[in-house]
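The values are calculated or read from the model by the stated rules, or taken from the named source; none is laboratory data. Every value quoted in this text rests on a predicted model; they were computed, and no experiment measured them. Backbone-built Cβ (ideal geometry, glycine too); neighbour counts: all protein chains shown.
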Amino acid sequence: MAKKADFRFGILFGLAFWLLFYPNSPYIITDIVHLTYLKTSIPIQYDILLNALTAFTALLTGLLSLYIVHEMFMEKFRSRTAWLFVGVLQFLCSIGVFLGRFLRWNSWDIVSDPVEIVQDSLDTIESSSSLIFICAMMLVMCCSYLMVYTMLRYRR
């Protein structure tokens, strides 16, 4: 019986650790703010291409990890519950992207400053301008995940 409890704790710990770093995947999309035009011999198109490729790769990797976690939830719970989990997770992820991009929090700060991060998260949800970004990011994440999910299901 203890092994089963240890296994469940291990799964929950792994999921919490994964959830902590999952927002880093779509966060890279927002790195486009760093693109600036400098008069150099290297055209800005190379920077744009590199940024887009990096963002696409990070986003796809994150979405594939979400697919694996979603499949785990589909095995344990009803389909509706698993999809609700995905929706809530995408909302939390979007808050994480906002906290990282605009308030400059990092994933590991949850260990050193958990109270401040929770307070900033609650303040963020109450602000209409930040809520617009969060909802837009959530829409991008949900649509992206639906495409990945559909492609992987269709392949079967």
Problem set entry | Condition broken by Asn51, with the remaining ones in (1) under 15 Å from the mean Cα position of the chain (by Cα); (2) under 16 Å from Ile29 (Cβ atoms); (3) not charged (D, E, K, R) satisfied | (1)
Seminar exercise, completed: Being basic (Lys, Arg) and farther than 23 Å from Ala16 by Cβ narrows Arg155, Arg101, Arg78 down to just Arg155
Exercise. Which one of the conditions (1) touching a helix residue (DSSP H, G or I) at 6+ places or on another chain (Cβ under 9 Å); (2) more than 19 Å from Tyr27 (Cα to Cα) does Leu66 fail to meet, given that it meets all the rest?
Worked result: (2)
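Table: residues versus (1) modelled with pLDDT of 90 or more; (2) closer than 19 Å to Ala55 by Cα; (3) under 15 Å from the mean Cα position of the chain (by Cα).
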| position | (1), (2), (3) |
| --- | --- |
| Gly96 | yes, yes, yes |
| Arg104 | no, yes, no |
| Val111 | no, no, no |
| Val118 | no, no, no |
| Asp123 | no, no, no |
| Met138 | yes, yes, yes |
| Met147 | yes, yes, no |
| Leu152 | yes, no, no |
Exercise. Considering region 71-88 alone, what residues qualify as being surrounded by 17 or more Cβ atoms within 10 Å (Cβ to Cβ) and either within 14 Å of Leu152 (Cβ to Cβ) or of a type in the set (S, T, N, Q) (or both)?
Worked result: Val86
For this session: Just give me the residues in region 92-115 being in a helix (DSSP H, G or I), among the polar types (S, T, N, Q) and free of Cβ contacts under 8 Å to residues at least 40 places away in the same chain, in sequence order.
Result: Ser112
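Residues checked against (1) surrounded by 11 or more Cβ atoms within 10 Å (Cβ to Cβ); (2) more than 17 Å from Leu99 (Cα to Cα):
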residue: Val111; (1), (2): no, no
residue: Pro114; (1), (2): no, no
residue: Ile117; (1), (2): yes, no
residue: Asp120; (1), (2): yes, no
residue: Thr124; (1), (2): yes, no
residue: Leu131; (1), (2): yes, no
residue: Met138; (1), (2): yes, no
residue: Cys142; (1), (2): yes, yes
residue: Tyr145; (1), (2): yes, yes
